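Enquirer: Take this structure, written in structure tokens, and hold onto it; I'll ask about it next.
The values are calculated or read from the model by the stated rules, or taken from the named source; none is laboratory data. Computed from a predicted model, the values in this text were never measured in an experiment. Quick reminder, even Gly has a Cβ in these numbers, built from the backbone with ideal geometry, and neighbours come from all protein chains shown.
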Amino acid sequence: MLKTQNLGYWYQDKSQPLFQDLNLTFDEGQSYAILGHSGTGKTTFLSLIAGLDKPKSGDIWLGDRSLKQIGLTNYRRHDVSIVFQAYNLFTYMSPLNNLLTAMAITGAEHAGDKFFARRTLNSLGIGEDLVERNVQHLSGGQQQRVAIARAMACDAPLVVADEPTGNLDEDNTQEVIDQFQQLAHQQHKCVIIVTHEPDVAARCDHQFRLENKQFTQLA
Ligand SMILES: Nc1ncnc2c1ncn2[C@@H]1O[C@H](COP(=O)(O)OP(=O)(O)O)[C@@H](O)[C@H]1O
Ligand SMILES: [Mg+2]
């Protein structure tokens, strides 16, 4: 479903790329973990496949169209759900309105369905006491779960998450991974997660490690 073709990226110095000539394939209905030490370029890689930044070399393809052809704004709106710490929720809005707004903007099947939005939030432990509170008054872990609920409520075929369990305790971590697996296996999405936690990676269907500017497939 998603393919990188000779993908490369560097910040300042072209002779020091973070990675180059990456040819990777990610299929629908599958979950992928990307492991790697801090500073190896995991977040950068995710921001490219999330359409937040442009490759320095190579291309990214969603099916038979490149992201260039789709257009990054269009791609971010319809094709990808982003669960990033720094690209998170609509602030000053409640969890419920975050979902309803995202569903409306992306034209999701359940757009306007408050019951569905509440049920999705409830299923991630955002109870009725929280659904109408300003998200800024929620903890980091709760905000993370609202972002995941938003990915569930929208129809984008690709979900990318950067350290989604980074500030969750063990129980919530298991719960969130269960939800990601459900997104892949029941909603047939392609789920790509960056994590430094081997236990979290082990629960995904496939694992990659970013090391020495290359991705090695571990499983
Ligand atoms: N906007 C930027 N400008 C310059 N260098 C950056 C920028 N963002 C990240 N870097 C550098 O690129 C490298 C990879 O960063 P990042 O993708 O965040 O790695 P990771 O997520 O694996 O920790 C790091 O050395 C980081 O300092
Ligand atoms: Mg990172």
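Enquirer: Among the candidates Ile177, Ile192, Ile148, single out the residue that is assigned to a helix (DSSP H, G or I), β-branched (Val, Ile, Thr) and in contact with a Phe, Trp or Tyr (Cβ under 8 Å, 6 or more places away or on another chain).
Expert: Ile148
Enquirer: Restricting to segment 67-77, name every residue that is surrounded by fewer than 18 Cβ atoms within 10 Å (Cβ to Cβ) and touching a residue at least 24 places away in the same chain (Cβ under 8 Å).
Expert: Correct list: Arg77 only.
Enquirer: (1) touching a Gly at 6+ places or on another chain (Cβ under 6 Å); (2) buried (at least 21 other Cβ atoms within 10 Å of the Cβ); (3) farther than 17 Å from Lys189 by Cα: which one isn't true of Asn98, the others all being true?
Expert: It fails just one condition, (1).
Enquirer: Here's another thing I want to ask about it. Across segment 18-37, what is the total count of residues that are part of a loop (DSSP other than H, G, I, E, B) and surrounded by 17 or more Cβ atoms within 10 Å (Cβ to Cβ)?
Expert: Number of matching residues: 4.
Enquirer: Would you be able to say whether some residue in segment 98-120 is touching a helix residue (DSSP H, G or I) at 6+ places or on another chain (Cβ under 8 Å) and within 24 Å of Tyr9 (Cα to Cα)?
Expert: Checked segment 98-120: no residue is touching a helix residue (DSSP H, G or I) at 6+ places or on another chain (Cβ under 8 Å) and within 24 Å of Tyr9 (Cα to Cα).
Enquirer: Just to be sure before I move on: is Glu211 more than 17 Å from the chain's Cα centre (by Cα), within 16 Å of ligand 1 (Cβ to nearest atom), charged (D, E, K, R) and closer than 23 Å to Phe45 by Cβ in the structure I sent?
Expert: yes
Enquirer: Output the residues belonging to segment 1-39 that are within 15 Å of ligand 1 (Cβ to nearest atom), at pLDDT 95 or above and under 25 Å from Val176 (Cβ atoms).
Expert: Answer for segment 1-39, where residues must be within 15 Å of ligand 1 (Cβ to nearest atom), at pLDDT 95 or above and under 25 Å from Val176 (Cβ atoms): Ala33, Ile34, Leu35.
Enquirer: Quick check on this structure: which one of Gly63, Gly58 is of a type in the set (Gly, Ala, Ser) and either in contact (Cβ under 8 Å) with a residue 60 or more places away in the chain or within 9 Å of ligand 1 (Cβ to nearest atom) (or both)?
Expert: Just a single option satisfies the conditions, and that option is Gly63.
Enquirer: If you go through segment 88-95 one residue at a time, do you hit one that is more than 16 Å from ligand 2 (Cβ to nearest atom), in a loop (DSSP other than H, G, I, E, B), farther than 23 Å from Gln182 by Cα and aliphatic (A, V, I, L, M)?
Expert: yes
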